[in-house]
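Peer 1: Before we start, here is the structure in question, set down as structure tokens.
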Amino acid sequence: MDAFESLISMLLRHDGFWTTPSVKVELTKEEKRLIGRASTPRWELDLIAFKGQTNEVLAVECKSFLDSTGVVFRNGQFEHPDRYKLFTDPTLREIVLQRLSLQLVSRGSCAPSPKITLALAIGKLAQKSDAAGMKAHFESQGWKLFDPDWVRQRLLTASQSGYENDVAFVVSKMLLHFLKPARID
């Protein structure tokens, strides 16, 4: 799991989710044919988050893009849509999320009929992006958007809770500590 996925996983755990990284979705030959990828290996989701109380499953795609322009969303769509396949290809999305549901239920990972929601976690949003438009688009689709403001707020909240032996958690506590004015004794 990469560092950004680990961070998002920790933040979702603080919101009451159980998380699993790099989940492989076992598509059938027919499903692969339907999505136009007959020779594709198993579809991999960056992170799955499950909340037992509500039988809610989040299929989370993570895009940090910290040392690049960032995620670009303009004119109602992602630039470089091939980087956001589940968000831009309705047939792919429907098949992958349906198969994920069947797979999780058959393995006993959740109760029957889980509510599966697609989510995108972003480390950096490009300045040229239409942030309000992206939020509206995600809301209209019923998806969740974990944008940099969400990450920042959750990091602040996590840093104020009790200690956890998790790198992302420790760094968030240290950053909060370092941002406080130095004491003069």
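Values in this text are rule-based calculations from the coordinates and carry no lab data. Here the structure is a predicted model, which is why all the values come from computation and not from measurement. All Cβ positions, glycine included, derive from the backbone under ideal geometry; neighbour counts span all protein chains shown.
Peer 1: Collect residues whose amide H, placed 1.01 Å from N in the peptide plane, falls under 5 Å from the amide H of Leu125; neighbours closer than 5 in sequence don't count.
Peer 2: Excluding prolines and chain starts, which carry no amide H, the hits are Val71.
Peer 1: Quick one: of Lys63/Lys173; Lys32/Lys135; Lys128/Lys173, which pairs are farther than 28 Å apart, Cα to Cα? All intermediate terms of the calculation are to be shown ahead of the outcome.
Peer 2: Values: Lys63/Lys173 23 Å; Lys32/Lys135 31 Å; Lys128/Lys173 31 Å.
Cα-Cα > 28 Å for Lys32/Lys135; Lys128/Lys173; rest within.
Peer 1: For the chain, restrict the atom set to alpha-carbon positions and state the Rg and Dmax in Å.
Peer 2: 18.0, 71
Peer 1: Step through the residues of region 167-172 one at a time and calculate ³J(HN,Hα) from phi using the Karplus curve (6.51 cos²θ - 1.76 cosθ + 1.60, θ = phi - 60°), rounding each to whole Hz and writing x for Gly and Pro.
Peer 2: 4, 4, 5, 4, 4, 4
Peer 1: Name the residues whose placed amide hydrogens come within less than 5 Å of the amide hydrogen of Phe146, ignoring near sequence neighbours (fewer than 5 apart) on the same chain.
Peer 2: For Phe146, the qualifying residues are Leu120, Ala121, Ile122.
Peer 1: Local charge sum around Arg42 (other residues, Cβ-Cβ under 13 Å, Lys/Arg +1, Asp/Glu -1)?
Peer 2: Overall, the nearby charge balance is +2.
Peer 1: First select every other residue whose beta carbon is under 15 angstrom from the beta carbon of Tyr163; then total the charges, Lys and Arg +1, Asp and Glu -1.
Peer 2: 0
Peer 1: Another one. Output ³J(HN,Hα) for region 52-58: one whole-Hz value per residue in order, computed from phi by the Karplus curve 6.51 cos²θ - 1.76 cosθ + 1.60 with θ = phi - 60°, and x for Gly and Pro.
Peer 2: x, 4, 10, 6, 9, 10, 9
Peer 1: If you don't mind, another one. Once both axes come from the Cα atoms, what is the angle between helix 148-159 and the longest principal axis of the chain, in degrees from 0 to 90, rounded to 10?
Peer 2: So the inclination is approximately 60 degrees.
Peer 1: Further question: Residue by residue through region 38-45, which ³J(HN,Hα) values in whole Hz follow from phi under the Karplus form 6.51 cos²θ - 1.76 cosθ + 1.60 (θ = phi - 60°), with glycine and proline marked x?
Peer 2: Listing the rounded values in order: 4, 9, 5, x, 4, 6, 10, 9 Hz.
Peer 1: May I pose another question? If I model region 51-133 as equal point scatterers sitting on the Cα atoms and use the Debye formula, what is log10 I(q)/I(0) at q = 0.13, 0.22, 0.24 Å⁻¹?
Peer 2: Treating every Cα as an identical point scatterer, log10 I(q)/I(0) equals -0.51, -1.01, -1.11.
Peer 1: By DSSP, what percent of the beta bridges with both residues in the chain are antiparallel, rounded to the nearest 5?
Peer 2: Bridges in the chain that DSSP calls antiparallel: roughly 55 percent.
Peer 1: When the chain is modelled as a GNM with alpha-carbon springs shorter than 10 Å, which of Arg99, Arg107, Arg13 fluctuates the most?
Peer 2: Largest GNM mean-square fluctuation: Arg107.
Peer 1: Quick check: the angle from helix 3-14's long axis to the longest principal axis of the chain, C-alpha only, nearest 10 degrees?
Peer 2: So the inclination is approximately 80 degrees.
Peer 1: Amide H to amide H under 5 Å from Val25: which residues, 5+ apart in sequence or cross-chain, H placed 1.01 Å off N in plane?
Peer 2: So Val25 has HN proximity to Trp43, Glu44, Leu45.
Peer 1: Based on the Cα coordinates of region 92-185, what is the per residue volume of their convex hull in Å³?
Peer 2: 164
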